[in-house]
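A.B. asks: I am attaching a structure below and will ask some questions about it afterwards.
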Amino acid sequence: MTMESTDITISDAERESKQLSAKNVGQAQGALKEQGYAILRGAVPVHALETLKFKMEEDLKRLLAMESQVALPYNWVKGHLAVQPPPEHPYLFPEILANPFAAAVSKAVHSKFFNNAYDGLTILPGTSAQPLHADHGQLWPDLKEAHPPVTLVINIPLTDTNEQNGAIELWPGTHLNTTIWKGDDIEVPAAAIESLRQPCTPIRACTRQGDILMRDMRLWHRGMPNFSESPRIMLVNTHHIFWRERNAPIKIPLSAKAFFDALEVDTVFEVQSEGFDYLIQHEPYAYTPS
């Protein structure tokens, strides 16, 4: 069987019409089914990413300065840090929160879906790698075959990503592995890593500014070291099949409600009381200060 290519290059005509061709939708859908990920090249306007990059790098400095007062939301390893994008004007873009190309693929996969995440993940300079993990296992234990996808993660890096600054490591095909399920520890056991290293040879998902990485939430992956001198920030949306629980809404100020109401992707959000700090939302995950 010929493996579906994971690279989908969006044409100028598709960008102009904001519609992904049936051929490209099918290619992305096939790649997600077979390999667990697809990259949409040139899907997001660079100006939006540059605007967010400037603001989020300033916010990152503010968050790091809070370390003596709050437990910073590191994931496993110090330096892999959750940093919320600002849910307020002028930093809100429908091309990010309701990207038409990612939405077309998710509609093909799920028929109907909703988004309940607008997060950011940063890898600081000088960090080490995370443990290999799946963001979510199979919904049920003891399956003979993996079930169809129920959640797609939409990753949008704010800059070019490469092996120097921490491009994510993916293990193609591992979304079909049934040994990790919803109630399990999401870290991949050492024995499973060695048994699947050959058939599911890991790759680095290197992207250009403006690309979108779509991946099945069950796909094994890990954040990698950042050898550069700048933080690498990546945005996160999650597209869930329509029958999943609509929990963990995106927290927004009242001033952003009209924007979120108008989005062309069904989005779960919750208006917060005046003065809430969007940066203080997450707890550390599997991280113990040394």
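The values are calculated or read from the model by the stated rules, or taken from the named source; none is laboratory data. Small disclaimer: the values here were computed from a predicted structure and weren't measured. Cβ atoms come from the backbone with ideal geometry, glycine included; neighbour counts cover every protein chain shown. Only protein heavy atoms, including side chains, enter the accessible area calculation; ligands, DNA and RNA are left aside. Shrake-Rupley method; radii C 1.70, N 1.55, O 1.52, S 1.80 Å.
A.B. asks: Would you please give the residues with an amide H less than 5 Å from that of Asn165, counting only those at least 5 places away or on a separate chain, with H modeled from the backbone geometry?
C.D. replies: Correct list: Phe227.
A.B. asks: Something else now. Take each complete run of DSSP H in the chain, measure how far its Cα atoms stretch along the helix's own axis, and keep only those covering 24 Å or more with mean Kyte-Doolittle hydropathy at least -1.0; list them.
C.D. replies: Details: long enough: 46-64 (26 Å, -0.23).
Counting only whole DSSP H runs, the qualifying helices are 46-64.
A.B. asks: How high is the relative contact order of the chain, in percent, counting Cα pairs under 8 Å that sit 6 or more residues apart? Intermediate results must be reported in sequence, preceding the final value.
C.D. replies: Working: 629 pairs, mean separation 81.9, N = 290.
Relative contact order comes out at 28 percent.
A.B. asks: Still on this model: Residue by residue through the stretch 118-125, what is 3J(HN,Hα) from phi via Karplus (6.51 cos²θ - 1.76 cosθ + 1.60, θ = phi - 60°)? Round to whole Hz and write x for glycine and proline.
C.D. replies: 9, 10, x, 10, 10, 10, 7, x
A.B. asks: Non-local amide H neighbours of Gln138 (under 5 Å, H modeled in plane, Pro and chain starts lacking H): which ones?
C.D. replies: Ile180, Trp181, Lys182
A.B. asks: For Lys78, go through the aspartates and glutamates and keep the ones whose alpha-carbon is under 14 Å away, minus same-chain ones fewer than eight residues off.
C.D. replies: Here the aspartates and glutamates satisfying the reach criterion relative to Lys78 are Glu67, Glu283.
A.B. asks: Counting residues in the stretch 128-171 as N, plug N into 2.2 N^0.38 Å and put the Cα Rg over that result.
C.D. replies: On the way: Rg = 14.4 Å, N = 44, 2.2 N^0.38 = 9.3 Å.
Taking the Cα Rg and dividing by 2.2 N^0.38 Å, one obtains 1.55.
A.B. asks: Another one. Just to be sure I understand the curve: with the Debye formula and one point per C-alpha of the chain, what is log10 I(q)/I(0) at q = 0.07, 0.13, 0.14, 0.16 Å⁻¹?
C.D. replies: Summing over Cα pairs of the chain leads to -0.24, -0.91, -1.07, -1.45.
A.B. asks: Under 13 Å Cα-Cα from Lys23, which aspartates and glutamates qualify once same-chain neighbours fewer than 8 residues away are excluded?
C.D. replies: Glu4, Asp7, Glu14
A.B. asks: Can you give me the % of accessible surface on the chain that is carbon or sulfur? Probe 1.4 Å, all protein chains present, nothing else counted. Display every interim value, and only then the final one.
C.D. replies: Details: 7160 of 13590 Å².
C and S fraction of accessible area: 53 percent.
A.B. asks: In whole angstrom, how far apart do the alpha carbon centroids of the stretch 122-157 and the stretch 43-63 sit?
C.D. replies: 24 Å
A.B. asks: When ligands, DNA and RNA are left out and all protein chains stay put, how many square angstrom of accessible area per residue does the chain have with a 1.4 Å probe?
C.D. replies: Details: 13590 Å² over 290 residues.
Ligands and nucleic acids excluded, the figure is 47 Å² per residue.
A.B. asks: If we restrict to alpha carbons, what Rg and Dmax does the stretch 173-253 come to, in Å?
C.D. replies: 15.9, 48
A.B. asks: Could you put Ile252, Ile280 in order of accessible surface area, largest first, with the 1.4 Å probe and the full protein assembly present?
C.D. replies: Details: Ile252 0, Ile280 85 Å².
Ranking Ile252, Ile280 by accessible area, largest first, yields Ile280, Ile252.
A.B. asks: Rank Thr51, Thr238, Thr267 by mean-square fluctuation in a GNM of the chain with C-alpha springs under 10 angstrom and give only the top-ranked residue.
C.D. replies: So, out of Thr51, Thr238, Thr267, the one fluctuating most is Thr51.
A.B. asks: When the helices in the chain are scored as -39500 (n - 2.57) per DSSP H run of 4 or longer and the sum is shared across all residues, what 222 nm value do you end up with, to the nearest 500 deg cm²/dmol? Mind showing how you got there, number by number?
C.D. replies: Numbers: 7 runs with 66 residues, N = 290.
About -6500 deg cm²/dmol.
A.B. asks: Here's a follow-up. Taking DSSP loops as anything outside H, G, I, E and B, show the longest stretch in the chain free of GluC sites (Glu not before Pro) there with at most 13 other beta carbons within 10 Å. Intermediate values should be presented prior to the final figure.
C.D. replies: Details: sites that count: Glu67, Glu145, Glu163, Glu229, Glu245, Glu264, Glu274.
Result, exposed sites excluded: 68-144.
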